[in-house]
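These notes are about the structure you will find just below.
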Amino acid sequence: MSTAEQPTAGPGAGEYAISVRDLRQNYGDFEAVRGISFEVEQGELFALLGTNGAGKTTTVETLEGFRRPSAGSVRVLGTDPYGQPAALRESVDAVLQHSGLFPELTVAETVDLSRDLAAAPMSRDEVLELTGLADKAGVQVRRISGGQKRRLDLGLAVLSRPEVLFLDEPTTGMDPEARRATWETIADLVRQGTAILLTTHYLEEAERLADRLAIMHRGETRAEGTVRDVVVQWGDRIAFRMPAGVRVEDLPELPGATAAAEVRGGEAWTCYTVRGDDADGLAHRAMEPLLEWARRTGTALERLELRSASLEDVFLSVAEGAAGVVSGGRNTD
């Protein structure tokens, strides 16, 4: 193939920056990834979450070109990434869990080394400013903190201005201030058009940054959509300590809600799960007949609480195997 015929990176019209179609990955008889599908557009951050052993690392390694799919297909900028073809090298980068930094080099020397390998890199000062490491320029890498090394990893990954960026636990080891500064850096990259696939164990990080997300469990996608879509599908909760002499079947029926008994600290509680299309007002309307029933029967609803769902609730539900597939779809607003 001549140079003029070489494929070029960059999604064509109607293509996604990242596309995963019915991906399956086997290790012998063990199926680590079981037919998952998702897409990521330019200027979008997609968070891939999952329990330990869920298959998310295998999925990311496949997208990075380190593994060939056992079945299905993956595309990055319209190109099969297996073997890390030249068409992708200048357009795709990653922050991996394990850093490849040289401990004896200074921070500035590390940046300069990476700049020498990039086609049109940011200046050294831009990278140091971006990562907040300007005051550490002359310090050996082995003498900076773990969080500062993660910031340096991010700087090296973005100095070539990649179109697609894989972030694998990018803020591990950072203090809260550095983590929030890094979140703003990542958000800026998305605003500038970078497509980002993020894996993280910090659910707050996913809630703050993700345009859309998926939660994996045992090789399958169990929840997918915007953060709001996923959380809303889990439902709101109305709960109170079970009144003495009252059975679950004695409780009133509430619109859009199902009741269940649970134990908290050795005490019996009732929890209504409220779901429906009108997520913003449904729990309020469900509360009214409950309070009316309590007034009519003279029942005290001790420690009554109304709680909206969180991403942590959904994640724990998936981890416990209690959730079916939740799909909020793509937000087209």
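Data table
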quantity: Qualifying residue in segment 100-120 (condition: touching a helix residue (DSSP H, G or I) at 6+ places or on another chain (Cβ under 8 Å), under 23 Å from GLU61 (Cβ atoms) and part of a loop (DSSP other than H, G, I, E, B)); calculated: yes
quantity: Test: residue in segment 205-218 that is touching a Ser or Thr at 6+ places or on another chain (Cβ under 9 Å), in the same structural domain as LEU63 (by TED's automatic domain parsing) and closer than 29 Å to MET287 by Cα; calculated: yes
quantity: Matching residues in segment 56-73 - criterion: being touching a residue at least 40 places away in the same chain (Cβ under 8 Å) and either buried (at least 16 other Cβ atoms within 10 Å of the Cβ) or outside any loop (DSSP other than H, G, I, E, B) (or both); calculated: LYS56, THR57, THR59, VAL60, LEU63, GLU64, ARG67, PRO69, ALA71, GLY72, SER73
quantity: Qualifying positions in segment 42-55 - surrounded by fewer than 22 Cβ atoms within 10 Å (Cβ to Cβ), modelled with pLDDT of 95 or more and touching a helix residue (DSSP H, G or I) at 6+ places or on another chain (Cβ under 9 Å); calculated: GLY43, GLU44
quantity: Candidate set from segment 120-156 (those that are touching a strand residue (DSSP E or B) at 6+ places or on another chain (Cβ under 9 Å) and touching a residue at least 40 places away in the same chain (Cβ under 8 Å)); member that is nearest to LEU189 (Cα to Cα); calculated: LEU154
quantity: Residue within segment 231-238 that is aromatic (Phe, Trp, Tyr) and either more than 32 Å from the chain's Cα centre (by Cα) or modelled with pLDDT of 90 or more (or both) present; calculated: no
quantity: Subset of segment 119-145 (residues that are more than 28 Å from the chain's Cα centre (by Cα) and small (Gly, Ala, Ser)); calculated: ALA119, ALA120, SER123, ALA134, ALA137, GLY138
quantity: Checking LEU105 against (1) under 24 Å from GLY155 (Cα atoms); (2) among the aliphatic types (A, V, I, L, M); (3) in the same structural domain as ASP22 (by TED's automatic domain parsing); (4) at pLDDT 95 or above, the condition it does not meet; calculated: (3)
quantity: Positions within segment 130-169 being modelled with pLDDT of 95 or more, surrounded by fewer than 16 Cβ atoms within 10 Å (Cβ to Cβ) and assigned to a helix (DSSP H, G or I), in sequence order; calculated: ALA134, ASP135, ARG142, ARG143
quantity: Scan of segment 279-311 for residues that are over 19 Å from VAL246 (Cα atoms) and touching a helix residue (DSSP H, G or I) at 6+ places or on another chain (Cβ under 8 Å), ordered by number; calculated: ALA279, LEU306, SER308, ALA309, SER310, LEU311
quantity: Number of the exception - SER37 against (1) buried (at least 18 other Cβ atoms within 10 Å of the Cβ); (2) within 20 Å of the chain's Cα centre (by Cα); (3) at pLDDT 95 or above; calculated: (1)
quantity: Count - residues of segment 97-117 that are within 21 Å of ASP168 (Cβ to Cβ) and either within 27 Å of the chain's Cα centre (by Cα) or surrounded by fewer than 16 Cβ atoms within 10 Å (Cβ to Cβ) (or both); calculated: 8
quantity: Number of the condition not met by ASP29 [criteria: (1) modelled with pLDDT of 95 or more; (2) farther than 23 Å from GLU169 by Cβ]; calculated: (1)
quantity: Some residue of segment 23-30 being surrounded by 16 or more Cβ atoms within 10 Å (Cβ to Cβ) and part of a loop (DSSP other than H, G, I, E, B); calculated: no
quantity: Segment 290-330 - residue that is over 15 Å from the mean Cα position of the chain (by Cα), surrounded by 15 or more Cβ atoms within 10 Å (Cβ to Cβ) and modelled with pLDDT of 90 or more and, of those, nearest to HIS201 (Cα to Cα); calculated: LEU306
quantity: Output for segment 265-300, where each listed residue is under 17 Å from GLY235 (Cβ atoms) and charged (D, E, K, R); calculated: ARG275, ASP277, ASP278, ASP280, ARG285
quantity: Residues located in segment 207-226, provided they are charged (D, E, K, R) and either touching a helix residue (DSSP H, G or I) at 6+ places or on another chain (Cβ under 9 Å) or crowded, with 24+ Cβ neighbours inside 10 Å (or both); calculated: GLU207, ARG208, ASP211, ARG212, ARG222, GLU224
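The values are calculated or read from the model by the stated rules, or taken from the named source; none is laboratory data. All values derive from a computational prediction rather than experimental measurement. Every residue, glycine as well, gets a Cβ built from its backbone with ideal geometry; the counts of neighbours run over all protein chains shown.
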